[in-house]
Every structure is written in C-alpha cells, then in structure tokens.
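What follows is a single structure, written as structure tokens, with notes after it.
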Amino acid sequence: MPAHPSPQAESKDAVDVLIVGAGPTGLALAVDLVRRGVCTLVVEAADRPFSGSRGLSLQPRTQEVLDDIGVMDALREAGRPLPPMQTWRNGRRDGEWRLVERDPQAPVTRYPVQWLVPQWRTQQILQDRLLALGGVVEYGTRLTALHQTDQLVQAELTQTDGSRRTLNMPYLVGADGGRSTVREALGIKMKTEGGALHAAVVADVRVDGLDHDHWHTWPDGPGGELLLCPLPGTDQFQLTTPVGGEEGDPCPQRIRELIATRTHLSATAVTDVQWTSSYKPRTALAERFRDKRVF
C-alpha cells in the first residue's frame, strides 16, 4: 500500500484508501492509516456526525487498540466505569448488582473494565484525532457505484445536492454497517443464525427523579424490561426496552408512554427526548471479508 511523506495529499481526490462510513470503525481505521502516512479519505452518507448514544461501552481489547492510536486518554476523561445496576419493583429500590464481575483469571491488561462512553462522543474524539493528523471526512457523500480491476477500485460518489464525482484508488474499505452498500455492491451475502431476538427501542432522554450513579432497571414492567443508563458527561439516560413487532423510530410521545407504562415514573418525568431509534438484533456473518482490493 503506497505511503506519502505527508499525512494527507494536497487533493482530497488523490487517495490511497477510501473508507465508506464515518462510524467508530471507519474513523479508527482512518486514524491508523493516516498516522502511518497513508493518504485516506472517509465518506459518510449522513449530512452530519451521529448524535445518539447507541454503542455505550468499550471492551478491554478495544480500549487497548484505541490507546495505540492515541485517543484513550480523551475517552477515559469523557467516560466512566459501568455503574452498578439498580433494580426497581413496585416503585421501590430492590437491590444493587454488577452487570459485569471482574474475573481474577482474565489476562493482564491496562484496561480491565468496560468503559462507558456514548457513541457520539467516541466518534467525536476519533474524528478530532483524525483531523489533527490531517485526515479528511466528507459528510453528505454517498457511495452509489463501485467497480474494480486487479489494479484499482473505481467509486462513484454522490453528494446530498445530487452532484457526482468518480474516484480511482488502490483500495476501498466498507465500514458502513449491517446494511452495507459496499457489501451489497460486491454481492457478498450474510449468513444469518436464528434465535429468539426481539425488536427493541433505544433513546436518549432526560428524566427527573433518578440518580445518575446507577444503571436503573425495571424487570417486571408490562411488555418487558426497561433500562435507563446514565450517559457520562451529560444529564441524559439511554433508554432500552423491547417492543412488539417492527416499527420505525418511535416518536417522543411513544417513549414517554413506554416509561410511564413500564416504570414507576410518570410521562411528565421525561423532560426531553433527544434521540430515538428502533432495531432488531440479529446474528449474522459475512461470507468473506475481502474481494480483490475491497475490504
């Protein structure tokens, strides 16, 4: 893979690696490449950086990787260890417990505990590191066509305003999630395993009447368990709870109804709904992870 004496080429269109997707994976890879002098461009279909909590905790091995690329100090400052779980029943506290217990037989690591950081903050820290190294992230830029030969990859990029351009580069990486445009363009199938996985709602909310020292859980609510996890560095909680069937991103009123129905809190205790999403967990694995010059 060719490298350059400066971290980034003068033209953003003269790149060695195009990364599709500006999530944590794409940004972390871009940081690693740019710091090694590999000319890298990250493109993201969304118009702006992701604003929700979604992925909450960093595993020990992930923290080691993030330390190696120079962002773990900032993430340590932005986060905290997982708080103790607080069970609620009939409007009363009903015991504390730990979601993850320390294993004395676990391999030695500088980062032995999971670290709680909302995903938007992780991405912000990674992007700041990338930009400081001279990297480039383009938002509102979607991959709309992909072709490759033995020598190069050709990618058609379409901006939000409809304008298009074509880039040629030695390598391309798809870091664009479970519904990957890159994977679909290559015709790579996902092998899926069955299982009793239910649709769920996740949201970032402000709620009165709860402390931020615990991860609160109501295991016996009608319709399923509801959890509210305090988000470090904010006055918000991440809500997660199962829902029946498939539905789009729930509206704030639906979030308030879920909290009022499944906890002892009233709908008016929810003072703000910052972000919402719905998803259905699945277990799936791509048939292969490389197709010629595309990863």
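The values are calculated or read from the model by the stated rules, or taken from the named source; none is laboratory data. If you're wondering where the values come from, they're calculated on a predicted model, not measured in any experiment. Note that each Cβ is placed from the backbone with ideal geometry, even for glycine, and that neighbours are counted across all protein chains shown.
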Check: So Asp47 fits all but one of (1) more than 16 Å from Glu138 (Cα to Cα); (2) out of contact with any Leu (no Cβ under 9 Å at 6 or more places or on another chain); (3) touching a residue at least 60 places away in the same chain (Cβ under 8 Å); (4) not aromatic (Phe, Trp, Tyr); what number is the exception?
Finding: (1)
Next item on the list: Go through region 145-190 residue by residue and tally those that are among the small types (Gly, Ala, Ser) and either more than 20 Å from Pro24 (Cβ to Cβ) or in contact with an Asp or Glu (Cβ under 6 Å, 6 or more places away or on another chain) (or both).
Entry: 6
Next item on the list: May I ask you to list pairs of residues, at least six apart or on different chains, whose Cβ atoms are under 8 Å apart, with the first in region 217-246 being more than 24 Å from Arg80 (Cβ to Cβ) and the second being modelled with pLDDT of 95 or more and assigned to a loop (DSSP other than H, G, I, E, B)?
Entry: Gly221/Thr263; Pro242/Glu225
Check: Yes or no: Val65 out of contact with any strand residue (DSSP E or B) (no Cβ under 7 Å at 6 or more places or on another chain) and over 29 Å from Asp211 (Cβ atoms)?
Finding: yes
Item checked: Of all residues in region 69-113 being without any contact (Cβ under 8 Å) to a residue 12 or more places away in the chain and of a type in the set (Asp, Glu), the one that is surrounded by the most Cβ atoms within 10 Å (Cβ to Cβ) -> Asp94
Check: Which of the following residues is touching a Lys or Arg at 6+ places or on another chain (Cβ under 6 Å) and on the phi < 0 side of the Ramachandran plot: Gln119, Gln114, Gln105, Gln124?
Finding: Gln119
Item checked: Within region 114-211, strands (runs of 3 or more DSSP E) holding 2 or more residues that are surrounded by 16 or more Cβ atoms within 10 Å (Cβ to Cβ) and either among the aromatic types (Phe, Trp, Tyr) or modelled with pLDDT of 95 or more (or both) -> 136-139, 141-148, 153-159, 164-169, 171-174, 200-207
Next item on the list: Go through region 109-168 and give me each residue that's over 30 Å from Leu66 (Cβ atoms) and of a type in the set (D, E, K, R).
Entry: Asp150, Glu156, Asp161, Arg164, Arg165
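Name the residue, out of Thr234, Thr263, that is hydroxyl-bearing (Ser, Thr, Tyr) and either at pLDDT below 95 or surrounded by fewer than 21 Cβ atoms within 10 Å (Cβ to Cβ) (or both). Walk me through it before giving the result.
Numbers: Thr263 fails: either at pLDDT below 95 or surrounded by fewer than 21 Cβ atoms within 10 Å (Cβ to Cβ) (or both).
Criteria check complete, one pass: Thr234.
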Checklist line | Answer from Leu239, Leu258, Leu265 - the residue that is touching a Gly at 6+ places or on another chain (Cβ under 7 Å) and among the hydrophobic types (A, V, I, L, M, F, W, C) | finding: Leu265
